[in-house]
Amino acid sequence: MQKTFTEIFKDKNLPFLELRHSNSNLHYKKHFHDTFSLGVNKKGISKYFNSGEEYILKKNGLSIINPKAVHSCNSCSDELNEYYMLYLDVNWCMNIQKLINKDVNTFIEISNHLLEDEEFYIEYTSLCYYLFENHDSCDKEDAVIDFFLKFFALFIDDTRLKIYDEKFEKIIDYLDTNYKENITLEELANKFKLNSFYIIRIFKSQMNLTPRAYLINRKINKSKEFLQEGFSIVDTALECGFFDQSHFHKNFLKIVAVTPKDYQINFLQ
């Protein structure tokens, strides 16, 4: 008999979210959460009730649960359902929605209870894997922001305007100068006396990148210079402020499309 399990991801550096990975064929009573919730079945099929409507939740389907929406999601058979459920702070979600539509001043409930989309299912499950893996909190935060910018954009009209703030260049200069550091959004907000979501909005408007993505790109660009000068891969990773060689390798490959070793070979005599 397959054993049941439950694992919970919580991070004090990401106080706006909680992720549950579990398997069960227990039947839940109808209930509600104060959070905005998004869930998938990794294995199994469920009867999914939300706000008086009934659906079948299976692979490639995402259950969308607004705050205080009465719902339940129960296995259709004796098979253990394996699922992910992500709970997000409503104010955090509202701020992400505001990055998409400048007129958002309160959380916009999502009218759909179910999204059947293979691409978003794969992206969401990949995000869940990533959150449970051993990555830096800043990288996890960036991954969550990127996913939910795409997700909420499905349901909210995009009225983003290109904005400019004179502090933008100062933030860029600060990141360029301090690229070795792993600067958080909170640190930027405190230093420049700006709301962290406003900083994201400026970067998305000017460069279509988050501040974290910009910093990683800057680290990689500097690492290319070190590799060309003959620095070892280990020393290059340290000089550019990566947590370890694996973190460096993964980000270098993602941006340059070759490994650091294969890149450096071109410059060795």
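Remark: the chain carries a charge dipole of roughly 240 debye about the Cα centre, counting +1 on each Lys and Arg Cβ and -1 on each Asp and Glu Cβ.
Computed about the Cα centre, the dipole magnitude for region 5-153 is approximately 460 debye when only Lys and Arg (+1) and Asp and Glu (-1) carry charge, each at its Cβ. Result for the chain in a Gaussian network model with C-alpha springs under 10 Å: among LEU253, LEU19, LEU86, the largest mean-square fluctuation is at LEU253. Of all lysines in the structure, those lying under 20 Å Cα to Cα from LYS47, and not within fewer than 8 positions of it along the same chain, are LYS29, LYS30, LYS58, LYS59, LYS68. How fast does region 5-153 diffuse by Stokes-Einstein, in µm²/s, taking the Kirkwood radius from C-alpha pairs at 10 °C and 1.306 mPa s? Estimated diffusion coefficient is 101 µm²/s. With only Cα atoms counted, region 167-265 has Rg and Dmax values of 14.2, 44 Å. What the phi angles of region 61-74 give under the Karplus curve with 6.51, -1.76 and 1.60, with θ = phi - 60°, is a coupling list of x, 10, 7, 10, 10, 6, x, 6, 6, 6, 7, 7, 8, 10 Hz, glycine and proline written as x. Ordering VAL256, TRP92, LEU238 by Cα displacement along the dipole of the chain toward the positive end leaves TRP92 in first place; charges were set at the Cβ atoms of Lys, Arg (+1) and Asp, Glu (-1).
For a quick check: with amide H placed at 1.01 Å from N, whose amide H comes under 5 Å from ASN101's, ignoring anything fewer than 5 positions away on the same chain? Distant-sequence amide H within range of ASN101: THR159. Relative to one another, the C-alpha centroids of region 131-209 and region 254-269 are positioned 28 Å apart. Multiplying the residue separation of SER246 and ASP176 by 0.36 nm and removing their Cα-Cα distance gives an extension gain of 22.9 nm. Counting every other Cβ atom within 10 Å of each residue's Cβ, LEU62, LEU154 order from fewest to most as LEU154, LEU62. Annotation: the residues SER46, SER137, SER77, sorted from fewest to most other C-beta atoms within 10 Å of their own C-beta, follow the order SER77, SER137, SER46. Geometric descriptor of region 154-199, per residue, is 109 Å³ (volume of the convex hull of the Cα atoms).
Note: relative contact order over the chain, using C-alpha pairs below 8 Å and six or more positions apart, is 14 percent.
Calculated from the alpha-carbon coordinates, the chain shows an Rg and a Dmax of 21.1, 70 Å respectively. Shown in residue order for region 128-138 are the 3J(HN,Hα) couplings computed by the Karplus curve 6.51 cos²θ - 1.76 cosθ + 1.60 at θ = phi - 60°: 5, 4, 4, 5, 7, 7, 8, 10, 5, 4, 5 Hz (x for Gly and Pro). Across region 257-264, computed HN-Hα scalar couplings (Karplus, 6.51 cos²θ - 1.76 cosθ + 1.60, θ = phi - 60°) run 6, 9, 6, x, 5, 5, 5, 5 Hz from first to last residue, x flagging Gly and Pro. Note on the chain: with a GNM built from Cα contacts shorter than 10 Å, the maximum mean-square fluctuation among GLY241, GLY230, GLY39 falls on GLY230. Remark: PHE267, PHE155, PHE252, PHE226 ranked as PHE267, PHE155, PHE226, PHE252, counting other beta-carbon atoms within 10 Å and listing the fewest first.
No value in this document is a laboratory result; all are computed from the given coordinates. The model shown is predicted, which means the values in this text are computed figures rather than measured ones. Virtual Cβ from ideal backbone geometry, glycine too; neighbours counted across all protein chains shown.
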